Amino acid sequence: VKETMVTIETASNNMLELVNDLLDVAKIESGNFELNLQEYDLAELINEQAKVFRPQAEAKHLSINTTVPAKFMLKFDRVRIGQVLGNIISNSIKYCDSGQIEIGLNVNNEEKNVTVSVKDSGIGVSREDLGDLFSKFKQLKGGDHARKGTGLGLVVSRGIIVAHGGKIWAESPGENLGSTFYFSLPLSTPLG
């Protein structure tokens, strides 16, 4: 009975995740995606997300390290940027079997933005797959790695970042060579 209840709960959670992702995609595509822009500490949010995912990472013999300033105030939607970080960190854990995940924050005053990077030592991404990463229902193939998820996390993440006036992209030297996901946010986000 307990095993059946766990199976039902897992299936319910997966269905809820799919419905929420589909709703977010629909809002993004229809232009009805609203942000709650306020000034928050981006460095604190990064450290919080790293802490949330550390147990999951450690279960796979992964370490999560952050290189961020003590404090970095910026105007953004805290829940939605937390969602983006969660999607990217979760993917890094999913596609790594051991090694490390490095999360950084860099300010580019010339381009007037801040860039967050999440670098992993995972399975990497082939050149042909890089272009499909932010497409609906696309998931990396990955040999014998079992994959779970909706294939919508990066689509939703892209919508959130674009709504903030930023950019999101990924780089990888190739298969089995790790990957780095980046997103940038403007240093001053206009309200509206």
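The values are calculated or read from the model by the stated rules, or taken from the named source; none is laboratory data. For clarity, every value in this text was computed on a predicted model and none was experimentally measured. Cβ atoms come from the backbone with ideal geometry, glycine included; neighbour counts cover every protein chain shown.
List of remarks:
- Look at the range 151-163: where a residue is within 11 Å of Gln83 (Cα to Cα) and a partner is among the small types (Gly, Ala, Ser), sitting 6+ places away or on another chain with Cβ atoms under 9 Å, you get Gly153/Gly86; Gly153/Ser90; Leu154/Ser135; Leu154/Ala170; Ile160/Gly166; Ile161/Ser184.
- Taking the range 133-192 as the range and being under 17 Å from Ser117 (Cβ atoms), modelled with pLDDT under 85 and of a type in the set (S, T, N, Q) as the test, no residue passes.
- Taking strands (runs of 3 or more DSSP E) as the structural unit, those lying wholly within the range 16-128 and holding at least 2 residues that are at pLDDT 90 or above and surrounded by 18 or more Cβ atoms within 10 Å (Cβ to Cβ) correspond to 62-67, 73-76, 99-108, 113-120.
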